[in-house]
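Nothing in this text is a laboratory measurement; each read-out follows from the coordinates by a stated rule. Bear in mind that the values here come from a model prediction, so they are computed numbers and not experimental data. Note that we place each Cβ from the backbone using ideal geometry, even for glycine, and neighbour counts take in every protein chain shown.
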Amino acid sequence: MEKILVTGGAGFIGSSLIEKLLQSQKYFVAAVDNLATGFQANLPQVSGPAFKFIKADANNYEALSTIMLSYRFDFVFHYAAVVGVKKTLENPIMVLEDIQGIKNVLELSKNTGVKKVFFSSSSEVYGEPVELPQNEHSTPLNSRLPYAIVKNLGEAYFKSYFQEYGLEYTIFRFFNTYGPKQSPSFVMSKFIKAALGGQDITIYGDGSQTRTFCYIDDNIDACVGVFEKHLHTNDVLNVGNDRETSVLELARLVIEKTGSDSKIIFLPPLPEGDMTRRQPDIIKMKSVLKRELLPLEKGIAKILGSDIFYQLNHIEQRNK
């Protein structure tokens, strides 16, 4: 049975990855999370020898080394990070501390026999768009804010450890991903929670900024497909949907699908961090999935039909 470590395992995407891996009953999976932005309620509710949760900080070398020396993992998914535009802008030093976690994971992976490491990078490395769609290799990176810089630097570390030590990697550049377990601080779940509660939906600026929204199952199926089929080794992969939707269009769609009477309120634009457009080139991702991605309307419907969304957000199931 192969052993897998997922840092940031109590986060939205990390916990969803663990659930998918455990379904195959082929792996032992350990989740490491300090619960600073993750939630223990996200973790799979399973008992038995196939899963272990360890509360620890990946940025703490001694704590992580104890874990990795004890288990001798075959694969590592490094998903631990400070996330969320507002949180990362307000806590730049905390964001920069994640560089240490990247170094810890790579150094310990090199020294404990890990076969391959996977890194959750971000669309933020592209910064303001230079070209659309944004391609993994031809689009220039335009990282300026601390979160984007850390992700960009992390990619350089992973590539360098392969060049120096032969430690194989795959870098996933995540674009906006949504689903029932997503934190309410992110735009999709924030809008849905507000609409279901009959509260105003607030938008920064005029709402013309675009994003692409990838349902969590598409994200996880692509990443697990890369892992299990040994694809895109020592390569970078955009993981997201390629259909652009403006933030204003999203707000109107959420109001329509929830049957809400919420009003849209426009706030002053954010001083920084709110990029004008996002659109990934997902040719590689589609070649892994070999199917179409879930349309936005169906993804919202899946959230509204999910009990876990209401449990995690503590709101009444009005309009359900």
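The figures follow:
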| read-out | value |
| --- | --- |
| Order of His78, His137 under a 10 Å beta carbon neighbour criterion, fewest first | His137, His78 |
| Qualifying GluC sites (Glu not before Pro) in the stretch 126-195, DSSP loop, other Cβ atoms within 10 Å at most 13 | Glu131 |
| Per-residue Cβ neighbour rank within 10 angstrom, fewest leading, Lys86, Lys52 | Lys86, Lys52 |
| Beta bridges per DSSP with both ends in the stretch 133-256, % antiparallel, nearest 5 | 30 percent |
| Shape box of the stretch 231-277 [Cα atoms, principal axes, largest first, Å] | 48, 30, 12 |
| For the stretch 174-320: relative contact order, % (alpha-carbon pairs under 8 angstrom, 6 or more apart) | 37 percent |
| Normalised convex hull volume, the stretch 60-103, alpha-carbon set, Å³ per residue | 71 Å³ |
| Between 0 and 90°, nearest 10: helix 216-228 axis offset from the chain longest Cα axis | 20 degrees |
| Charge tally in the Cβ shell below 12 Å around Pro44, where Lys, Arg are +1 and Asp, Glu are -1, Pro44 excluded | +2 |
| Loop-located GluC sites (Glu not before Pro) in the stretch 245-320, at most 16 other Cβ atoms within 10 Å (DSSP) | Glu272, Glu292, Glu316 |
| Low-density loop cleavage sites - chymotrypsin sites (Phe, Trp or Tyr not before Pro) in the stretch 151-181, where at most 16 other Cβ are within 10 Å (DSSP) | none |
| Degrees, to the nearest 10: 12-23 long Cα axis against longest axis of the chain | 60 degrees |
| Rounded if a/c under 1.5, otherwise prolate or oblate - the stretch 33-184, Cα gyration tensor axes | oblate |
| Identified option (computed P(r) over Cα pairs in 10 Å bins from 0, in percent; candidates (1) 5, 21, 20, 12, 12, 15, 12, 3, 0; (2) 6, 25, 33, 26, 9, 2, 0; (3) 6, 27, 36, 23, 7, 1) | (3) |
| Ascending count of other beta-carbon atoms within 10 Å, so fewest first, for Ser287, Ser15 | Ser287, Ser15 |
| Lys, Arg +1 and Asp, Glu -1 on Cβ, resulting dipole of the chain about Cα centre, debye, nearest 20 | 620 debye |
| Phi to ³J(HN,Hα) by Karplus 6.51 cos²θ - 1.76 cosθ + 1.60 over the stretch 280-287, Hz, x for Gly, Pro | x, 7, 10, 4, 5, 4, 5, 5 |
| The stretch 128-251 shape via C-alpha gyration tensor axes, a/c threshold 1.5 | prolate |
| Convex hull volume of the stretch 1-94 per residue (C-alpha atoms, cubic angstrom) | 88 Å³ |
| Nearest 10 degrees, 0 to 90: helix 247-258 Cα axis against the chain principal axis | 80 degrees |
| Cα-based shape type of the stretch 188-320, given that a ≥ b ≥ c are square roots of the gyration tensor eigenvalues and the cut on a/c is 1.5 | oblate |
